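Values in this text are rule-based calculations from the coordinates and carry no lab data. Not measured: the values here are computed from a predicted model. With ideal geometry, Cβ positions are generated from the backbone for all residues, glycine too; neighbour counts draw on all protein chains shown.
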Amino acid sequence: MEPQLSHQVTDSVATVVIRHPAKRNAMTTAMWRALPPLLDALARDGGVRALVLTGEGGTFCAGADISSLRGSPEEAPALAVAAEEALAAFPKPTLAAVRGHCVGGGAQLAAACDLRLAEEGALFGVTPAKLGVVYPASSTRRLVSLVGPATAKYLLFTGELIDAGRALRTGLVDEVLPEGELDKRIADLTRVLVSRSQLTQAAAKEFADGRTDRDAYWTAQARGSGDVAEGVAAFLERRRPRFTWSVSGSG
């Protein structure tokens with residue numbers, strides 16, 4: 001099978017799958033380039049309310065496919081950062097579903113998601129020190145925001161892998177599931193996410209990422225959305241709310 005990113009949309013959830021099983025789903029230069037336009041298309045799709053990023057089979061992503069970088073190794077960090085930033089900027093909730101190795105560029109992608117759920121046995125590593133690569137400043141800041149400076153330095157200085165239990169304790173992942181239960185938990189969680197107010201989620205995502213300059217914008221969006229009135233009515237009527245505001249239709 002040719003290395004590729006595949007995707008499907010089911011029940012308002014887009015699932016993007018990293019497929020390169022011959023090399024533990026390592027990302028080729030073509031795959032790095034393909035991710036931002038794919039995310040842009042899914043962001044504009046009104047039928048998508050959440051996104052799951054995962055790897056084919058028993059591993060998430062082992063980083064960059066070094067063999068695809070021959071002749072132009074210096075472009076790899078820029079391509080990875082562009083893909084990472086496109087994922088971080090995706091305006092709807094994103095989840096990384098992690099099995100097996102989540103290393104190097106794979107860890108960059110997972111860190112760029114809003115939430116990370118891992119299966120027991122998963123291994124995480126940030127490995128630029130093994131290659132003499134300077135880890136990008138934006139990626140370093142994102143890692144520090146998740147795990148704190150001490151753990152970020154440990155990961156970056158050593159390039160050593162940590163298990164899912166340590167990743168959970170340090171904040172690198174949000175939940176660790178027993179083997180065989182990850183898919184069900186992802187399905188249950190995304191079902192909850194797509195039922196909630198996309199307005200609340202989009203505003204919270206920006207605020208959590210430091211975009212406090214947009215407070216007036218989101219206040220105006222809330223006033224004109226009708227979501228608050230619908231949420232209150234649904235609560236009083238003991239029914240599920242039918243929120244209508246969407247990222248795709250917000251202009």
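How long is the gain from Thr158 to Asp40 if the chain were fully straight, where each residue apart is worth 0.36 nm and the alpha carbon distance is subtracted?
Numbers: separation 118, 0.36 × 118 = 42.48 nm, distance 3.47 nm.
So the extension gain works out to 39.0 nm.
For Ser225, Ser6, Ser145, what ranking results if the residue with the fewest other Cβ atoms within 10 Å of its Cβ goes first?
Numbers: Ser225 20, Ser6 11, Ser145 15.
Neighbour counts put them in this order, fewest first: Ser6, Ser145, Ser225.
With a 10 Å Cβ neighbour count serving as the proxy for reagent exposure, in which order, fewest first, do Ile162, Ile66 appear?
Details: Ile162 21, Ile66 14.
Ordered by Cβ neighbours within 10 Å, fewest first: Ile66, Ile162.
Report the percentage of all Cα-Cα pairs in region 197-237 whose separation exceeds 15 Å, rounded to a whole percent. Intermediate values should be presented prior to the final figure.
Numbers: 361 of 820 pairs.
Everything past 15 Å amounts to 44 percent.
Figure the gain on full extension for Arg242 and Ala187 (residue separation times 0.36 nm, minus the Cα-Cα span) and round it to one decimal in nm.
On the way: separation 55, 0.36 × 55 = 19.80 nm, distance 2.01 nm.
Here the segment from Arg242 to Ala187 would lengthen by 17.8 nm.
Say a site is exposed when it is one of the GluC sites (Glu not before Pro), sits in a DSSP loop, and has at most 16 other Cβ atoms within 10 Å; what is then the longest site-free stretch of the chain?
On the way: sites that count: Glu120, Glu160, Glu179, Glu181.
Result for the longest clean stretch: 1-119.
Report the calculated FRET efficiency for Ala22 and Ala78 (r = Cβ-Cβ distance, R0 = 25 Å), to the nearest 0.05.
On the way: r = 25 Å, r/R0 = 1.00.
The calculated FRET efficiency here is 0.50.
State to the nearest 20 debye the size of the charge dipole of the chain about its Cα centre, where the only charges are +1 on K and R beta carbons and -1 on D and E beta carbons.
260 debye
Summing Lys, Arg as +1 and Asp, Glu as -1, what charge do residues with Cβ under 15 Å from the Cβ of Arg185 carry, Arg185 excluded?
Working: positive: Arg99, Arg116, Lys184, Arg191; negative: Glu119, Glu120, Asp174, Glu175, Glu179, Glu181, Asp183, Asp188.
With Lys, Arg at +1 and Asp, Glu at -1, the neighbours total -4.
Provide the net charge surrounding Gly57, with neighbours chosen by a C-beta distance below 11 Å and charges set as Lys +1, Arg +1, Asp -1, Glu -1.
Value of the local net charge: +2.
With a Förster radius of 45 Å, plug the Cβ-Cβ distance of Asp213 and Lys130 into 1/(1 + (r/R0)^6) and report the FRET value to the nearest 0.05. The partial results should precede the final answer.
Numbers: r = 39 Å, r/R0 = 0.86.
Rounded to the nearest 0.05, the efficiency is 0.70.
Which is the longest stretch in the chain that no exposed loop site breaks, taking sites as trypsin sites (Lys or Arg not before Pro) with a DSSP loop state and at most 10 other Cβ atoms within 10 Å? Could the numbers behind the result be given before it?
Details: sites that count: Arg70, Arg238, Arg239.
It runs 71-237.
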